[in-house]
């Protein structure tokens, strides 16, 4: 009898525990669901708005499902899809090529700086570090790019600025410096030259750091629009983010112009067309991210244990 | 099939043009080249038009030009960098609202034009009255070539004709002479809107009623105005005038009567709501010849409008669109000749702003200067060249009409400009460098206490008292005195 009561009590306690943990999990899930909805709903609103008829959108406002389904906005854009396709091409090209070159350059610079036996280590470090604290500012930058390098309106203008980011070089240097010097000595005893050591020993060991810096650089290239704002006039070379910026700000400029009260205006992109543009520009990137996010996250955390 | 033909045809034109360009390029190579930078989107047929422009220009003034449009959204940044870095160019579009005319002058990016214009573009110089040119004068020199367009700002209400006829008040509307006359009409429109399914309010944005030009004052900025009917320019604080009180009271009354949406955040969407026909009256907009036709063309809504404000020639109105010549220009005299040609030669001007005859446009009726998209294109936007910014390049009164209802509008506008009463401070520009601190505080006060009055959110008497007190505390009196001093000095030096 006594045993029975004990068992029952035990079972009750277990039930209670289960209930508690259920409530705990439930509330966490609810919180997470609300959070995800907060992230998702704006996206859905944009997609829905892009499929809504222009006038209906103004009259009825934004709905989660289009109040009146229309593909007008997309027809408008796909009437001349070259701009967005080209912009995708430019952005993908700069991201791939730019990240590859930038990583090689930064590794090649960071490695010697990390070696204590490198003669010019101190002056070169200072030279690199100095630019992090002091820089010429926008106008000298512009003069250098346009009047000395003559890269305006070329794809180099988009590539050059992120080739060497001093902060990333410092991170890489620190990582290289932490590699045991015995490894390098051992390789040298085995008859490896400096370049061999760099390629076969240092680089493979620094993979986590390289992955992190590579990811950051790729994001820099993907999201960059200011470089294009300063140096690119040729619409064929507009990167994706800049194209979006231009579409938005052109619409604003048109409105400004109308307040000045001057004569007739060019076509202002409609609300729905702007939404459709945003969907087309972010959509593929978002899907890409879904598939690759585990690699990206691993890339970020890989560098963390050091 | 048709499109294939069209493409082939267009390709052929390009080829011919390229050949022609190739032949003439030998001759054009030796000619000096000008660079003209202006805001605008790149046109598909840009190169084609540029070749034609150069051919014309080579013969007319012995120079060629590179037309360099920069996207609207990038124009301010790029032209700023080009100026600061000393990159060579000749002409740039400038105005107080984009590529700021006054900062360009302070930074000495533009060269004085008055002598060059008189010497190298006498016809252009003579096409406007001396008072008009005075408006562009800053610190003794004229740095901008003025494009003729509508200089005056006769503000007034626009109303949807359909609604106006439905409420049966056509005659009453056409007879109004002041904004208070609009009151019964607004009431009727609102009653109509309450019954109507689509129309939600009589109007949307009430704030434009507070524009000083509506009440025949010339705004100098920072809440200061000059009464244009007073020949002796006396600087007043706008919110202390009776006109301000009347306007604020009207806004408050109409807002409380529910003529405008109570959520003023919606006011920013006034254009979208107008297109969706959610309201019927734009209380205060620029009423100009061809204005109704313009709204009809843009939104497909027929409107009726009446000008209430008197047409007054103000500095801001005259210099709304200018072209400046860069300090880096190697051929300023050619640049001025080019501007002269653009402003006085209709053939060249329309080639520049509307494209090539037969390729981009063709005559619909040559006698009345009416054109239509070439080769059966649905709109000018489909022809391959339609920057749609005639007012940026030169005298818009020389541009061909693109819509039958527009015919005659330029002549009427030119007339309006000519007959306008000049503001007593036409040509005066205020230099605020001595009172920068006060200007910053005053503009913050105007935003904090002035904007609620403009949207009818606060009681008028209380609101105006608070606003005026806050303006005094912010030091508006110092600015007023400084403006008055500068105006007196300017008057003395002019006579």
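What follows draws every value from the coordinates through simple rules; no lab data is involved. Treat the numbers as computed from the prediction; the structure is a model and nothing was measured. Cβ: placed from backbone, ideal geometry, glycine included. Neighbour counts: every protein chain shown.
Odds and ends about this structure:
- Taking all C-alpha pairs of chain B, those more than 36 Å from each other amount to 39 percent.
- Peptides A:111-119, A:203-211 ranked from most to least packed by the mean count of surrounding Cβ atoms within 10 Å: A:203-211, A:111-119.
- Cα-projected label distance for residue A:12 with residue B:177, points at 7 Å along beta-carbon direction, nm: 9.4
- MRE, 222 nm, helices only [DSSP H, n ≥ 4, -39500 (n - 2.57), over chain B, to nearest 500]: -13500 deg cm²/dmol
- Hull volume in cubic angstrom per residue (convex hull over the Cα atoms of the protein assembly as shown): 286
- Between residue B:461 and residue B:310, the C-beta separation translates, for a Förster distance of 22 Å, into a calculated FRET efficiency of about 0.20.
- Binned Cα-Cα distance frequencies in the range B:383-495 - 10 Å width, integer %: 11, 23, 20, 25, 19, 2
- Spin-label model, residue B:444/residue B:166: points 7 Å from Cα along the beta carbon direction are separated by 4.7 nm.
- Counting only DSSP beta bridges with both residues in the protein assembly as shown, the antiparallel share comes to about 65 percent.
- Taking 0.36 nm per residue of separation and subtracting the current Cα-Cα distance, fully stretching the chain between residue B:115 and residue B:363 would add 85.5 nm.
- Spin-label proximity, residue B:485 to the range B:396-437 - amide N less than 17 Å from point 7 Å beyond Cα toward beta carbon: B:429-437
- Highest-first arrangement of A:21-28, B:192-199, where packing means the average Cβ count within 10 Å: B:192-199, A:21-28
- Going by neighbour counts of Cβ atoms within 10 Å, the residues B:339, A:159, B:31, A:108 line up, fewest first, as A:108, B:31, A:159, B:339.
- Per-peptide average of other Cβ atoms within 10 Å, ordering B:255-262, B:142-149 highest first: B:142-149, B:255-262
- Note on residue A:30 and residue B:42: the model spin-label points, each 7 Å out from Cα along the C-beta direction, lie 5.5 nm apart.
- With a Förster radius of 25 Å applied to the beta-carbon distance between residue B:333 and residue B:108, the computed FRET efficiency rounds to 0.80.
- Calculated on C-alpha atoms, the gyration radius of the range B:355-415 divided by its Kirkwood radius gives an Rg/Rh of 0.96.
- Max-minus-min Cα coordinates of chain A on each principal axis give 97, 74, 31 Å, with the largest extent listed first.
- Between the range B:274-308 and the range B:115-165, the alpha-carbon center distance in angstrom: 23
- Size check on the range B:248-301: the Cα extents along the three principal axes, sorted descending, read 33, 22, 15 Å.
- Per-pair calculated FRET efficiency, R0 = 22 Å: residue A:164 and residue A:290 via Cβ, rounded to 0.05: 0.10
- Under the Debye formula (equal points on every Cα, no solvent term), log10 I(q)/I(0) of the range B:18-137 at q = 0.10, 0.12 Å⁻¹: -0.40, -0.57
- Note: relative contact order over chain A, using C-alpha pairs below 8 Å and six or more positions apart, is 26 percent.
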